[in-house]
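Input: a single structure, listed below in structure tokens.
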Amino acid sequence: MPAALRNLRRHPMRSGLALAGVAVTTAMLLDMVLLSRGIERSFERLLLGRGYQIRVSPKGTLPFDTEATLAGATALRRTLESDPAVEAVGPFLGTSLHARRGDSLVTLFGYGIDPAAQALYQLEEGADLAPGDTAGVLLSRPAAQAIGAGIGDTVSLLGRLDPQTASAAVERRLVVRGLARWLYDYRGQPSVGTVLAVMQDLAWQRAEDRVSAMVVRVREGADLEAVVERLRAAAPRAEVNSVGELVAHFRQRLAYFRQLSSILGTISLGVTVLLVATLMTITVNERLGEIATLRAIGIGRGTIVRGVLAESLVLTVAGGGLGVGLGSVTARYLDQILTAFPGLPAAISFFVPEPRSLALAAGTLLATGVLAGVYPAVLAARAPIAATLRAEAT
Amino acid sequence: MMKPAGIAALLLVLGGAQGGSPPEAGPVPPDGSLPPGTRASLPPIALERRLARRLQATVGDTVALSLEPGGPARAALVVAVYEPPSDPARVARREYGLRLHLPDLAALLGAEDRVDRFAVALREGVAPESAAARFNRIAFGFRAVPSVAIANQASQTFVVVSRFHDAIAVISVVASAVFLLCIMLLKVEERRHDAALMRLIGVRRRTIFGALLLEAVLVAAVGSGLGLGLALLASVATNAYYQRFFDTSLVFSLVTPGVVAFSVALSLGLGVAAGALAAWRLVRTRPVVLWGRG
């Protein structure tokens, strides 16, 4: 290893450029490894954040993917809860509504939830809604700012505006109980939450007892796949998906990013191999005289090969180390770009470091370093001793 | 002129009476028992090509439409199969589309005289922004937005993707530049014995520098040409793959003259600069050192 370092120091500019090249390609490889699985992991964490492993939505849709709703929510909930493996079921309704601010109206997104079984928010300040609290409302910070209300204030929410009569079909005055972070909101989304019955009234969905979807928590130790199958059979008019299946749907939609990351990651590895192999081949060619001399005084082929491979590995590892730092910085920058997607939940991240992915990237990089050194090492081992020494002497 | 539009999520099942087979997982029973003579009175619908293929439906078939599984179904007659305009915003969603006359959809939804939106064509000379502002002042319960604003909002996704591509391109260019510099440096350094020999027999530094630079230009030019060919092949492969993957006619990779000019100029410029730097270092070194005896 010291010999490898010494050899690299002989040509500082050449080695420096090679290190820079390996560092940039490693940064790209790292970013692509993080991107390839990061978004899925991030989405999975978001879905499992509140411990609900199953989602039930209108047939043929995914939760919040369309404006379709499920009718007869109470009966459906009872059906789902009757499965012995089901611990809790939380229905929710999402709809667009308005709030008064002076003479004008502010458009908001409304969630109707069951506070006892919800997977949509985390309380940040104030008090949570109690089950059956039909007089309270939770606001997101952007909503509080948009309508100029704080905890304890009374706000007017309007649903089903009718342009013909210039009036709202329903208006409710509610007291702000607290501020919540709605997990699926995009950045700056003004959202409010009430108990389900209030939101159904505002959305004009009470008569048919409609909800957007339901979340289901399965008891610990239960076979999730078997539960999903049972719920599908019990509720044939609904779409039942485990979080794993939702992630698979999501993965299909983001196939472009996965494929892009695979292609760019492979190109990065290819460039690293080419760069290190070229450098090592030329270095070995330059040192053929030295190598022949070493062989002539009894140094074995194995030692020569190990020396060349070590030099290649040192170059790759040193460049890779620099690349990890560079890659972390670029990953943050790229994440800032991609998380600006309109409508994307603010909690989603595209570049998520995972021990398994990082170990895979490190292993691949090390293998690349060794692979890049194979050809020059063979070249060094096969150098004809007498002919090389004769050529050097002349 | 105003054109109202309605959008809804529907379930379809191909009618059994006129042939075809139901979708793989259609929970709605097919409408297979039409009384004679009723076909002419059925509401006409147009199916998107992918949907028609999925349902194995053709013009003249009947389909049953319902709002939800198990809900009341209504028969409709397929009068056309259409190819929707390629929309990058929808390509990854793989949704199926169909078109009905607005009153038929409203009847199916049970929402008579309700629409999602109106498209408004203004008289020539009327500014869309001022018309939208006027609508917003006089009415309650809707929002008028100029088409340009909607287009800008809808294109945000592609602005983000474009910025991501730009950032990746910058990283790629930096990696390529370092790679190119390194290779050129090695390529020129490989000629150190030749350069030493030429210097020893009296060839001028400028001549050697010029020869090495010319070699670098040739290498950069050939490399650029090969790279361009590779990029064109990759572009064709990318389009073929994604057009098949998403079943769309969208163009995913476009090699424009501007992109070609930029790439070739960059690789030539970098190659020549790297070659010049390496050649300059070489000709400044004493011949005996180059020969390895210094």
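Here, each number is a calculation from the coordinates, and none is a lab measurement. Just so it is clear, the model here is predicted, and its values are computed rather than measured. No Cβ is skipped: glycine too gets one built from the backbone with ideal geometry, and neighbour counts run over all protein chains shown.
Based on Cα positions only, what radius of gyration and what Dmax would you give for the range B:179-270, in angstroms?
Rg and Dmax of the range B:179-270, Cα atoms, are 19.8, 67 Å.
Calculate, in nm to one decimal, what residue B:215 and residue B:190 gain on full extension: separation in residues at 0.36 nm each, minus their alpha carbon distance.
Length gained between residue B:215 and residue B:190: 7.8 nm.
As a check on your grasp of the helix formula, calculate [θ] at 222 nm for chain A: sum -39500 (n - 2.57) over DSSP H runs of n ≥ 4, divide by the residue count, round to the nearest 500.
Details: 12 runs with 206 residues, N = 394.
About -17500 deg cm²/dmol.
Report the trypsin sites (Lys or Arg not before Pro) located in the range A:317-394 that are in a DSSP loop and have at most 11 other Cβ atoms inside 10 Å of their Cβ, or state none.
Numbers: sites: A:332, A:356, A:382, A:390; in loops: A:382.
Here the trypsin sites (Lys or Arg not before Pro) that fit, given the DSSP loop and packing criteria, are A:382.
Over the range A:34-127, what portion of Cα pair distances is larger than 15 Å, expressed as a whole percent?
Numbers: 3180 of 4371 pairs.
Of all Cα-Cα distances in the range A:34-127, 73 percent exceed 15 Å.
Under Stokes-Einstein, with the Kirkwood radius over Cα pairs standing in for Rh, what whole-number D in µm²/s applies to the range A:169-215 at 10 °C and 1.306 mPa s? Walk me through the numbers on the way to the answer.
On the way: Rh = 12.5 Å.
For these conditions, the coefficient is 127 µm²/s.
How long are the three semi-axes of the equivalent ellipsoid of the range B:107-225, in whole Å, if each is the root of 5 times an eigenvalue of the C-alpha gyration tensor, listed from largest down? It would help to have the intermediate numbers written out before the result.
Values: eigenvalues 968, 56, 25 Å².
After scaling each eigenvalue by five and taking roots: 70, 17, 11 Å.
How large is the convex hull of the Cα atoms of the range A:321-394 per residue, expressed in Å³ as a whole number?
Numbers: hull volume 10.5 nm³, N = 74.
Expressed per residue, the convex hull around the Cα atoms of the range A:321-394 is 142 Å³.
Between residue A:390 and residue A:10, what FRET efficiency comes out of the Förster formula 1/(1 + (r/R0)^6) with R0 = 30 Å and r the beta carbon distance, rounded to 0.05?
About 0.80, to the nearest 0.05.
Mind checking the angle between helix A:243-253 and chain A's longest principal axis? C-alpha axes, 0 to 90 degrees, to the nearest 10.
With rounding to tens, the tilt is 70 degrees.
Could you give me D for the range A:264-389, from Stokes-Einstein at 20 °C and 1.002 mPa s, where the hydrodynamic radius is the Kirkwood radius over C-alpha pairs? Units µm² s⁻¹, please. The partial results should precede the final answer.
Working: Rh = 16.9 Å.
For these conditions, the coefficient is 127 µm²/s.
Provide the per-residue ³J(HN,Hα) series for the range B:221-229, in order, calculated from phi with Karplus coefficients 6.51, -1.76, 1.60 and θ = phi - 60°, each as a whole number of Hz, with x at glycine and proline positions.
With the stated coefficients, the range B:221-229 comes to 5, 5, x, 4, x, 5, x, 5, x Hz.
Taking just the C-alpha trace of chain A, give me its Rg and Dmax in Å.
30.9, 103
Calculate, for residue A:219 and residue A:78, the FRET efficiency according to 1/(1 + (r/R0)^6) with r their C-beta to C-beta distance and R0 22 Å; round to the nearest 0.05.
Details: r = 17 Å, r/R0 = 0.79.
Between residue A:219 and residue A:78 the formula returns 0.80.
So, in nm, how far is label residue B:243 from label residue A:116 when the simple model puts each one 7 Å beyond its Cα toward the Cβ?
Rounded to a tenth, the inter-label distance reads 5.8 nm.
What do you get for the angle between helix A:224-234 and the principal long axis of chain A? Use alpha-carbon atoms, 0 to 90 degrees, nearest ten.
Taking the Cα atoms of chain A, the angle to A:224-234 is about 40 degrees.
What distance in nm separates the simple spin-label points at residue A:317 and residue B:226, each placed 7 Å from Cα in the Cβ direction?
For the pair residue A:317/residue B:226, the computed spacing is 3.2 nm.
Counting other Cβ atoms within 10 Å of each Cβ, which GluC sites (Glu not before Pro) in the range B:122-214 have at most 10 and sit in a DSSP loop? If you can, show how the numbers build up before the last one.
On the way: sites: B:124, B:129, B:189, B:190; in loops: B:124, B:190.
Passing both the DSSP loop test and the Cβ count: B:124.
Please state, to two decimals, what the Cα-based radius of gyration of the range A:138-236 comes to when divided by 2.2 N^0.38 Å (N = residues). Numbers along the way, then the final one.
Working: Rg = 17.9 Å, N = 99, 2.2 N^0.38 = 12.6 Å.
My calculation over the Cα atoms of the range A:138-236 gives 1.42.
If you count the DSSP beta bridges with both ends in the protein assembly as shown, what percent of them are antiparallel, to the nearest 5?
80
If I stretch the segment between residue A:226 and residue A:135 completely, what's the gain in nm (0.36 nm per residue apart, minus their alpha carbon distance), one decimal?
This chain segment gains 28.8 nm when fully extended.
Looking at the range A:123-281, send over the antiparallel percent of its DSSP beta bridges, to the nearest 5. Please report the intermediate quantities before stating the final value.
Working: 13 of 17 bridges.
Antiparallel bridges: around 75 percent, rounded to the nearest 5.
Enumerate the residues in the range B:170-197 having an amide nitrogen under 14 Å from the point lying 7 Å beyond the Cα of residue B:262 toward its Cβ.
B:170-174
What are the principal axis extents of the Cα atoms in the range B:60-154, in Å, biggest first?
If we take the Cα atoms of the range B:60-154, the spans are 46, 31, 24 Å.
Would you calculate the separation in nanometres between label points at residue B:148 and residue B:136, each defined as 7 Å from the Cα along the Cα-to-beta-carbon direction?
The two pseudo-label positions are separated by 1.5 nm.
Quick one: net charge around residue A:50, please, counting Lys, Arg +1 and Asp, Glu -1 for every other residue with C-beta under 14 Å from its C-beta.
On the way: positive: A:45, A:55, A:181, A:217; negative: A:44, A:87, A:114, A:128.
After counting each charged neighbour, the total is 0.
Using the Kirkwood radius over Cα pairs, work out the Stokes-Einstein diffusion coefficient for the protein assembly as shown at 20 °C and 1.002 mPa s, in µm²/s as a whole number. Mind dumping the intermediate values first?
Numbers: Rh = 30.6 Å.
In µm²/s, the coefficient is 70.
Report, in whole Å, the centroid distance computed from the Cα atoms of the range A:326-394 and the range A:49-128.
45
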